[in-house]
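Peer 1: Sharing a structure with you now.
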Amino acid sequence: MRQHRSLVAAECNLSDMRVKCESNVPAAFNEVGAVFTNVAGSSRQNAMLQVQEKWVSGGLGCSGDPLVIRRVYTLVDAMDHPMKVCSHTITVEDDEPPAITCSEVAQGTSCEFAFGTATAKDNCGLDVGLAKTFYFEPFEGSNHIVNAWTATDACGNTASCTQRLVCEDQ
């Protein structure tokens with residue numbers, strides 16, 4: 001069997017990558033030039049690319065439980081003979097906390113009303129849970145009512161914000 005020298009000299013053009021969200025995993029390449037360099041001349045025109053994708057770990061894509069995807073690209077000649085192999089590993093690991101915003105709170109004299117809201121958004125577009133803790137802080141003849149909000153994303157990453165309302169003792 002005669003091998004095409006320019007195919008054998010081909011080099012893998014890919015490096016492993018890390019992304020934060022599964023939605024950021026790029027589509028598999030389908031062109032020889034996107035995966036291999038130094039494929040020249042008529043051999044390049046006859047070369048084809050085969051792709052196999054394996055999910056190496058079934059992790060959730062969270063910190064400590066990454067999702068690992070390995071794509072194996074095989075450069076083949078016109079007769080489907082493998083000439084070069086290039087492996088590309090993509091690791092998905094979301095370690096970014098959600099973004100949380102507490103609303104502004106109107107100051108008043110009554111401590112008997114509920115106040116404030118919070119909104120949260122996940123960098124991967126997944127659902128975010130919001131929890132509120134309510135407590136009083138006495139301070140120089142007034143009370144501070146504090147809402148402490150915590151946002152938790154699907155990976156357990158958290159962020160928090162607080163709202164304070166100053167009200168006079170009745």
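Where a number appears in this text, it was derived from the coordinates with a stated rule and is not lab data. Being a predicted model, the structure only gives us computed values, none of them experimental. Positions of Cβ are backbone-derived with ideal geometry, glycine not excepted, and every protein chain shown enters the neighbour counts.
Peer 1: Using a simple spin-label model with points 7 Å from Cα along the Cα→Cβ vector, what separation in nm is obtained for A34 and R164?
Peer 2: My value for the distance between the label points is 5.4 nm.
Peer 1: Shifting gears a bit: To make sure I understand the rule: partners must be lysines, Cα under 26 Å from the Cα of K54, and not fewer than 8 residues away in the same chain. Which ones qualify?
Peer 2: Within reach: K20, K84.
Peer 1: If I model a spin label at V51 and Y135 as a point 7 Å from the Cα along the Cα→Cβ vector, what separation in nanometres do I get?
Peer 2: With each label placed 7 Å out from Cα toward Cβ, I get 5.2 nm.
Peer 1: What's the FRET efficiency of H144 with D65 using the Cβ-Cβ distance as r and R₀ = 45 Å, to the nearest 0.05?
Peer 2: Rounded to the nearest 0.05, the efficiency is 0.70.
Peer 1: As an exercise, use a Förster radius of 30 Å and the Cβ-Cβ distance of D80 and A27 to find the FRET efficiency, rounded to the nearest 0.05.
Peer 2: 0.80
Peer 1: Would you mind getting me the FRET efficiency between D127 and A99? Use the beta-carbon distance for r and R0 = 22 Å, nearest 0.05.
Peer 2: 0.95
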